[in-house]
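The values are calculated or read from the model by the stated rules, or taken from the named source; none is laboratory data. None of these values were measured; they are calculated from a predicted model. When we count neighbours, we look across all protein chains shown, and the Cβ atoms used for this are built from the backbone with ideal geometry, even at glycine.
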């Protein structure tokens, strides 16, 4: 869920906000191979950082986390911060060609955990708010939503992620 849904009252929508993330792609020339053989995850200067080597010689560096509304501008500051922090972990990274910069939006909930399952509006199910872990949580999200669709019930292990946990934040008189 990244915005408005036609026909769904705003007061029923979950409290999901856009969180901007900038990411870099660098190319590892053959003469530097192997540059990294495993994904590196770290916290540098209080910010999460990852470096992901790809089989095609690409190195993905990400990602910023910026509360800037719907802005998807790639900024010099974002590129600088990612390269500076990556350099702390792997000093040779600043010698690699920078081949792509990109910015996108992640859906974040107030507690940055997913919203999975039924809402106060009958028939409206949510699978959103995954924040930085959307791709990683895809398989389990699919399993949870398949369970809800086939049984009408949220599995016990997914109950902490019900959209109704933010019921106090939703201004509605619809039945629960």
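At a glance:
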quantity	calculated
Subset of the range 37-57 [in contact (Cβ under 8 Å) with a residue 40 or more places away in the chain and either more than 15 Å from residue 132 (Cα to Cα) or outside the structural domain of residue 85 (by TED's automatic domain parsing) (or both)]	40, 44, 45
Residue 34 vs. criteria touching a helix residue (DSSP H, G or I) at 6+ places or on another chain (Cβ under 9 Å), surrounded by fewer than 17 Cβ atoms within 10 Å (Cβ to Cβ) and in a loop (DSSP other than H, G, I, E, B)	no
Scope the range 67-123; condition part of a strand (DSSP E or B) and free of Cβ contacts under 8 Å to residues at least 60 places away in the same chain; matching residues	116, 117, 118
So residue 64, is it touching a residue at least 24 places away in the same chain (Cβ under 8 Å), under 11 Å from residue 22 (Cβ atoms) and touching a helix residue (DSSP H, G or I) at 6+ places or on another chain (Cβ under 7 Å)	yes
Hits in the range 119-134 - residues which are closer than 24 Å to residue 20 by Cα and in contact with a strand residue (DSSP E or B) (Cβ under 8 Å, 6 or more places away or on another chain)	126, 127, 128, 129, 130, 131, 132, 134
Verdict on residue 64 being closer than 28 Å to residue 31 by Cβ and either modelled with pLDDT of 95 or more or in a helix (DSSP H, G or I) (or both)	no
Where residue 11 falls short, out of the listed (1) surrounded by 11 or more Cβ atoms within 10 Å (Cβ to Cβ); (2) more than 30 Å from residue 120 (Cα to Cα); (3) more than 20 Å from the chain's Cα centre (by Cα)	(2)
Among residues of the range 154-164, those that are assigned to a helix (DSSP H, G or I) and in contact (Cβ under 8 Å) with a residue 24 or more places away in the chain, counted	5
Out of 98, 116, 137, sole residue that is within 17 Å of residue 14 (Cα to Cα) and either crowded, with 18+ Cβ neighbours inside 10 Å or touching a strand residue (DSSP E or B) at 6+ places or on another chain (Cβ under 6 Å) (or both)	116
